[in-house]
1. Using per-residue counts of other Cβ atoms within 10 Å, averaged over each peptide, order 105-117, 131-143 from highest down.
2. Among 68, 85, what is the fewest-to-most ranking by other Cβ atoms within 10 Å?
3. In Å, what Kirkwood hydrodynamic radius results for region 1-42 from the alpha-carbon pair distances?
4. Over region 55-151, what is the relative contact order in whole percent, taking alpha-carbon pairs under 8 Å and six or more residues apart?
5. When N is the residue count of region 55-151, what does its C-alpha Rg come to as a fraction of 2.2 N^0.38 Å?
């Protein structure tokens, strides 16, 4: 009878420690899976257009917005001695130029003010709102002061 109780005690210890070993094993496996998932996520190239992040290339003068959706790009044309450089306010998501041949621009808060061939341009790069006009009177008094300071440069 003594052997029975001895084996029963050993069996009880094994059965009680088995859930603990199982829980530790599950935690370790989950940790390894989480580290693996994080590694894969960090090294994954994301082609989802809604999460597009632009890296600035050599033609980018400055980028604007949380996703760098807007930029001032520099284009060069002509031969080396007669090289002409021009700046363009560009919407990368729409892949279109907002204003070509920018004479000067200024970034203030969430806005970019630019003078170019289309006249006066005010871009709110957080809301993607663009106001363009050849007439400075179409803008608020504060905007007019900013544009006037740009013209003096």
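No lab work stands behind these numbers, since they all come straight from the coordinates. As the structure is a prediction and not an experimental result, all values here were calculated from the model. We place every Cβ from the backbone using ideal geometry, glycine too, and count neighbours over all the protein chains shown.
1. 105-117, 131-143
2. By the 10 Å Cβ count, ascending: 85, 68.
3. 12.7
4. 16
5. Normalised Cα radius of gyration, region 55-151: 1.09.
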